[in-house]
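K.L.:
Questions regarding the structure given below will be posed in turn.
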Amino acid sequence: MALLPVGIRFIISFSRDQWYRAFIFMLTFLLYASFHLSRKPISIVKGELHKQCTAGDGPESPFSDPSSSTRHGPTHWLLNNETDCGWAPFDKNNYQQLLGALDYAFLCAYAIGMYLSGIIGERLPIRYYLTFGMLASGAFTALFGLGYFYNIHSLGFYVVTQIFNGLVQTTGWPSVVTCLSNWFGKGRRGLIMGIWNSHTSVGNILGSLIAGYWVSTCWGLSFIVPGAIVAAMGIVCFLFLIEHPKDVKCSSTLPTHPRASENGINRFRLQKQTTYSEKNGPLDPELQCLLLSDGKNPLHPSHIVVLPADGNMAAISFTGALRIPGVIEFSLCLLFAKLVSYTFLFWLPLYITSVDHLDAKKAGELSTLFDVGGIFGGILAGVISDRLEKRASTCGLMLLLAAPTLYVFSSVSRMGLEATIAMLLLSGALVSGPYALITTAVSADLGTHKSLKGNSHALSTVTAIIDGTGSVGAALGPLLAGLISPSGWSNVFYMLMFADACALLFLVRLIHKELSCPGPAAGIQAPLKEH
């Protein structure tokens, strides 16, 4: 009998479950990458919306190449304007505030919508919910670009478009994190999700390249093409997304549950406050750290989570999710970490244009190096946290290194292109590492916490709370950058360093708890077992 071809032997070397998990990994990766692909164009197009004036009376800006002008836009607009300072209404002296208003509109709507999205998402099929969000996001992204072709110069049009786009994009994150966590266990969650979370950087890079291709010739296409891509991926989501392993009879990675106690017609699963004196034996180190808030005294009874059994497992309440140990601390940490990350996301190309005197296209391409660094930072954070089993300490270390790195970046980036490239890579790794770890592995850990007794319905709400709080910072960062940047870019970097310090401050209690308790990190890690 002839040997099977090498390719076939490779295929059959993996089980059916492994192939399904690989498929879901890649599909959710591409789905969320397309979301970020559609967010990036606004930062690339900023340099085109406001440019160097070609007439003497217009406001001047050092942020753009004089050769780039709106001659590529509708010619009848140029005939009605004496200056060529960009696209009205962003051609005024207060353009930083107007551009900041676009960022704030999107991110504020995203932050508010995220709190609602997790609650709604738990009560709807993930596939339908995510498909709707992607189709709607594609439509609103493209609508922004149509303002170019229809010669729209109303600030209200662009702000309202950003608001609705921010709202519908909140469907993405809770959905993909919940779906991925349904398929993957906790053992190497930091590494798996660190690699998976590179979709953020990949989406930013692709969005920068796509938007940069048309930014100087027809900036409307910088939005319409990404919008079409997101909508197309929404159709792919509807056709192929599998929400849970049980839907295709694969083995589940959710934790096993002890037998529920009966109470009349209702069954409830109770989390008990066990002690060392109980006949069942001592606590494992993780549960001990979870139940002992100060190492001696047990937690208040309000921290005990009472959940319905499998047959009638209800979605967790908002306040119930907040009572999970670590949710509040990581949420507030992410608020400041995401403030820094999104300030770079929305303002980095304009900063590079200012410092290195590049046009919008070249600045957009160079800004992708920050996202390249973010890919390595997210993976590194996941690997370290898996090895040490200390999520908070890993985030704290990277935040501690990020603040001085940002100060160095603000100083040496003016020394030339080579220095800018080096600092973009390093800053991207240190800024994106904690952000990536909290929004993926930490959110999944907390959403499948032991105190929940296996309630998988909590995962979407916990993820939405953490990312929603982070999105408040994401809304504030670009807004503050727009308000502060007229006084000098150095002040923007001081603001970012202060935010990093605040993020680290909120993790101090959890870091202390991790270092003083044996075993996994701060009680948030609980190995998942097969059913």
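K.L.:
Which value, in Å² rounded to 10, gives the accessible area of K362 with a 1.4 Å probe and all protein chains present?
P.N.:
110
K.L.:
Could you sort 380-391, 233-244 so that the peptide with the highest average Cβ count within 10 Å comes first and the rest follow in order?
P.N.:
380-391, 233-244
K.L.:
Is the C-alpha gyration tensor of the stretch 80-224 telling us rounded, prolate or oblate? Criteria: a/c under 1.5 is rounded; beyond that, a/b larger than b/c is prolate, otherwise oblate.
P.N.:
Judged from the Cα gyration tensor, the stretch 80-224 comes out prolate (a/c at least 1.5, a/b above b/c).
K.L.:
How would the stretch 353-425 be classified by its alpha-carbon gyration tensor: rounded, prolate or oblate, with rounded meaning a/c under 1.5 and the a/b versus b/c comparison settling the rest?
P.N.:
prolate
K.L.:
Pop the C-beta distance of H357 and K249 into the FRET formula with R0 = 56 Å and round what comes out to the nearest 0.05.
P.N.:
Efficiency, rounded to the nearest 0.05: 0.40.
K.L.:
Listed here are the pairs K46/K92; K92/K338; K249/K390; which of them are more than 23 Å apart at the Cα?
P.N.:
K92/K338; K249/K390
K.L.:
Averaged per residue, what accessible surface does the stretch 319-476 expose to a 1.4 Å probe, in Å²?
P.N.:
Heavy-atom SASA per residue in the stretch 319-476 reads 28 Å².
K.L.:
Ranked highest first by the average count of other Cβ atoms within 10 Å around their residues, in what order do 151-160, 487-496 fall?
P.N.:
487-496, 151-160
K.L.:
Which peptide among 503-516, 204-217 comes first, and what is the full order, when sorted by highest mean count of other Cβ atoms within 10 Å?
P.N.:
Those peptides, ordered most packed to least, come out 204-217, 503-516.
K.L.:
Related question: H50's amide H: which non-local residues (gap 5+, or another chain) put their own amide H closer than 5 Å, with H modeled 1.01 Å from N in plane and none for Pro or chain starts?
P.N.:
The answer is W87.
K.L.:
When only the heavy atoms of the protein chains count and the probe is 1.4 Å, how do I112, I163, I24, I375 rank by accessible area, highest first?
P.N.:
I112, I163, I375, I24
K.L.:
Let me ask you something else. Quick one: length gained pulling D17 to R123 fully straight, 0.36 nm per residue minus the C-alpha distance?
P.N.:
35.5 nm
K.L.:
Right, something else. What is the extension gain from F238 to R509, computed as 0.36 nm multiplied by their sequence separation minus the C-alpha to C-alpha distance, in nm to one decimal?
P.N.:
93.3 nm
K.L.:
Taking R0 as 45 Å, what's the FRET efficiency between N94 and I421 from their Cβ-Cβ distance, rounded to 0.05?
P.N.:
0.90
K.L.:
Further, regarding this structure: By the scheme Lys and Arg +1, Asp and Glu -1, what is the net charge of all other residues having a beta-carbon under 15 Å from that of I229?
P.N.:
Result for the local shell: +2.
K.L.:
Pull out the extension gain between F157 and I328, defined as 0.36 nm times the separation in residues minus the alpha carbon to alpha carbon distance; nm, one decimal.
P.N.:
58.0 nm
The values are calculated or read from the model by the stated rules, or taken from the named source; none is laboratory data. Model, not experiment: these values are computed from the prediction. Cβ coordinates were reconstructed from backbone atoms using ideal geometry, including for glycine residues, and neighbour counts include every protein chain displayed. The accessibility values were calculated without ligands, DNA or RNA, using every heavy atom of the protein model including side chains. Shrake-Rupley method; radii C 1.70, N 1.55, O 1.52, S 1.80 Å.
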